[in-house]
1. If I ask for residues that are open to solvent by 50 Å² or more (accessible area, probe 1.4 Å) and of a type in the set (Val, Ile, Thr), which ones from the stretch 102-138 would you list?
2. Somewhere in the stretch 214-230, is a residue over 30 Å from Ala118 (Cβ atoms), touching a Phe, Trp or Tyr at 6+ places or on another chain (Cβ under 6 Å), modelled with pLDDT of 80 or more and in a helix (DSSP H, G or I)?
3. Test of understanding: among Ser61, Ser68, Ser96, which residue is more than 24 Å from Asp196 (Cβ to Cβ) and either in contact with a His (Cβ under 7 Å, 6 or more places away or on another chain) or hydroxyl-bearing (Ser, Thr, Tyr) (or both)?
4. In the stretch 1-35, what count of residues is obtained for those that are without any contact (Cβ under 8 Å) to a residue 40 or more places away in the chain, open to solvent by 90 Å² or more (accessible area, probe 1.4 Å) and under 17 Å from Val230 (Cα atoms)?
5. Taking the stretch 223-249, which residues are open to solvent by less than 40 Å² (accessible area, probe 1.4 Å) and among the charged types (D, E, K, R)?
6. Within the stretch 150-186, which residues are of a type in the set (Ser, Thr, Tyr) and open to solvent by less than 40 Å² (accessible area, probe 1.4 Å)?
7. Can you name the residue in the stretch 194-212 that is under 12 Å from Ser125 (Cα atoms) and not hydroxyl-bearing (Ser, Thr, Tyr) and is also surrounded by the fewest Cβ atoms within 10 Å (Cβ to Cβ) among such residues?
Amino acid sequence: NAMLYVYTFLLIFIMILPAIVIIPQAFTSLNYFKFPVEEMSTKWFDKFFENEQWIVGLERSLAIAVISAILATALGTMAALAMNKLEFKGKSLFMSIMIAPMVVPVVVVGVALYTTFAPIGLTNSFAGLIFAHTLLGIPMVFVTMLSGFANVNENLELAAMSMGSSPMGAFFKVTLPTVRSSLVSSVLFAFVTSLDEVVVTTFVSGANTKTLTMVMWENMGTNIDPTLAVAALFMIILTLGMYIIKEIVEARSKY
């Protein structure tokens, strides 16, 4: 048991090591990366907030992540419900298609989306980015919700309908609250997938639709300074905040 604790601690440490290294870099007084940080400063936060490109990129990333997470959760949940409730020909093929964006190399997805979006004017557009990020989030939602629906007792829905509830009402009043934890996890996964996405965004976005990850990527090739660490810190805070919300919801759902 003691060795298991040691292995677990080492695994967790290795997983969070990049964050441990990058967070202090956002507060360095130097004009370059150096670990450990010798002198603290907030000047890079000032530089971040003074640069419109960073601010717009952050705002755009948040807007796209929120909208695409909502759309992916709605579509992925309906697909998972159909997979769980219905029997139809080609069910295994439907399953494969739903998880395809998760297993197909992301650069292939990027090329496919570019060749699809370019002729209809969806490249370098806010709508195009939302569609692309929604597509990437749907498989995460589908797999998560499929697992959640598998643990739902169908007798609860039947009981609700026997008491006068419609099938839709039984779903929203009985089934959905039962899988609340899976639903929150789905939103989290879709949000983080969108927030972190850079490969597909490279193919679909343009000069007027740069997300925060795109701004970070471009600055890595031209001007590497601790402003990148500030942007990375905001990404970490947003991701951590979503996980905290998930844990709070799961804790409340147990009571």
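The values are calculated or read from the model by the stated rules, or taken from the named source; none is laboratory data. All values derive from a computational prediction rather than experimental measurement. Counting neighbours? That spans all protein chains shown, and the Cβs are built from the backbone with ideal geometry, glycine included. Heavy atoms of the whole protein, side chains included, go into the accessibility calculation; ligands, DNA and RNA do not. Shrake-Rupley method; radii C 1.70, N 1.55, O 1.52, S 1.80 Å.
1. Val103, Val104, Val106, Val107, Val108, Val111, Thr115, Thr116, Ile120
2. Checked the stretch 214-230: at least one residue is over 30 Å from Ala118 (Cβ atoms), touching a Phe, Trp or Tyr at 6+ places or on another chain (Cβ under 6 Å), modelled with pLDDT of 80 or more and in a helix (DSSP H, G or I).
3. Answer to the check: Ser96.
4. Total meeting the criteria: 1.
5. Passing the criteria: Asp225, Lys246.
6. Ser165, Thr175, Ser181, Ser182, Ser185, Ser186
7. Here the answer is Ala207.
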